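Take a look at the structure set out below.
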Amino acid sequence: MQRKLFREDHEQFRQSFRQFLEREVKPHQERWNEAGIVDRVVWRKAGEAGFLCPWLEPEYGGAGGDFLHSVVVMEELSRAYESGFAMALHSDVVVPYIHEFGNDAQKKRWLPKLASGEAVAAVAMTEPGTGSDLAAIGTTAVRDGDFYVINGAKTFISNGILCDVCVVAAKTDPDPKNAHQGISLFVVEAGTPGFIKGKKLKKMGLAAQDTSELVFEDCRVPAANRLGEEGQGFVQLMRKLQQERLVVAVMAQASAEQVLEDTLAYVQERKAFGKPISKFQNTQFKLVECATQIEVGRAFLDRLLAEHVAGEYLVKECSMAKLWQTEMLGKVVDECLQFFGGYGYMLEYPISRAFMDARVQRIYAGTNEIMKVIIAKQMGL
């Protein structure tokens, strides 16, 4: 179906970003995958071109666009099979915490650097002993005059090695009775004594994304780096997780569309028993099923995006999208890989990387099981 979500300026932005990917990203993908990290310089280039935080106001160094400009970036990264350059995490998951909950001084201090690519952002929630259960985090932040002393460990942190600015969730009230009211958010800058970037973790997918452990050992952070009031961290996280889950759904949808497009081209070229495998009924039926799931997903997601941009409260629907789109991606990429035969198992083929990258979509930003719990609560169950 014809999409009606984007304006002319969005499509112009899309063409510019595609050119950026061809020039600055695609030539380096193999090297980034092998190194497990993207070049820092590409962040600066993306910022200079206006592709980081495109929704941010010009007064803070942004382009003054909207969230749909970010959606364009997410879609085009997915269609380029680029899962390591975590622009969406930076622009649409982490920076919004500072933009919404930061005071004027904090915004002026950090947002221009984040928009220009001078600083790379990460968010540290997950810990070795807890993932989706944010109320159970063990990292503490104890007030000491004009500072907080942070102690604890975080893991599976995307942009963990490259990050210059990290939004950290920590307990300012360790009383178990105040599990939800005892969390606060802090902006911790790289180079702060006691902020230790641990080893870069080896993963099944997202090969070029620098995922790492972070350790805080008597890390003294100025009280001025706290976002909002003490004890408001859990509420802040809940308010922003709607968009984070929508980001995951957007990239899963675009990935499924690209995988299907590439598979349709391949099955018309590959021959078996004297004819293209596209002519076999099994091929047609399987790909029709994939196409139908993708089309249904696109219709739901585009409507959801329009309502999100309009400011609607969509916790249930965003959780549904994260659940449905990521499950759909897993099914589509598995079905499509089969048509590539042995070549689908070779890393030189994008379908292989797409298969490995797809699995984590059902885990991060809240597991799909947690999505079901949230949806059930929203349904009054």
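Points to keep in mind about this one:
- Accessible area of Arg245 in the full protein assembly, 1.4 Å probe (Å², nearest 10): 30
- Using C-alpha pairs below 8 Å separated by at least 6 residues, the relative contact order for the chain is 16 percent.
- Cα-projected label distance for Met204 with Lys26, points at 7 Å along beta-carbon direction, nm: 2.9
- Figure note: Arg14, Arg7, Arg270 ranked by solvent-accessible area, largest first, 1.4 Å probe, ligands and nucleic acids not counted: Arg7, Arg270, Arg14.
- With all protein chains in place and a 1.4 Å probe, the accessible surface of the stretch 14-82 carries 45 percent carbon and sulfur.
- Rounded accessible area of Glu57 (nearest 10 Å², 1.4 Å probe): 70
- Residues Ser184, Ser83 ordered from highest to lowest accessible area at a 1.4 Å probe: Ser83, Ser184.
- Distance (nanometres) between label positions extended 7 Å along Cα→Cβ at Asn282 and Val235: 5.8
- Subtracting the Cα-Cα distance of Glu59 and Tyr345 from their residue separation scaled by 0.36 nm leaves 98.1 nm.
- The length gained by stretching the chain between Asp146 and Ala35 to full extension, at 0.36 nm per residue less their Cα-Cα distance, is 35.9 nm.
- Using only side-chain charges placed at the Cβ, +1 for Lys and Arg and -1 for Asp and Glu, the dipole size of the chain relative to its Cα centre rounds to 780 debye.
- Highest mean packing first, where packing is the average number of other Cβ atoms within 10 Å per residue, the peptides 91-98, 291-298 line up as 91-98, 291-298.
- (i) 23.2; (ii) 20.9; (iii) 19.5, with the label sought being that of the calculated mean projected area of the Cα convex hull in nm²: (iii)
- Summed over the residues of the stretch 162-238 and divided among them, the accessible surface reaches 43 Å² per residue at a probe radius of 1.4 Å.
- In the context of the full set of protein chains, the stretch 244-381 has a per residue accessible area of 51 Å² (1.4 Å probe).
- Across Met251, Met125, Met346, the residue with the most accessible area heads the list, and the full order at a 1.4 Å probe is Met346, Met251, Met125.
The values are calculated or read from the model by the stated rules, or taken from the named source; none is laboratory data. Note that the coordinates shown come from a computational prediction; the quantities given were computed from them, not determined experimentally. Every residue, glycine as well, gets a Cβ built from its backbone with ideal geometry; the counts of neighbours run over all protein chains shown. The area values use the complete protein model at the heavy-atom level, side chains included, leaving out ligands, DNA and RNA. Shrake-Rupley method; radii C 1.70, N 1.55, O 1.52, S 1.80 Å.
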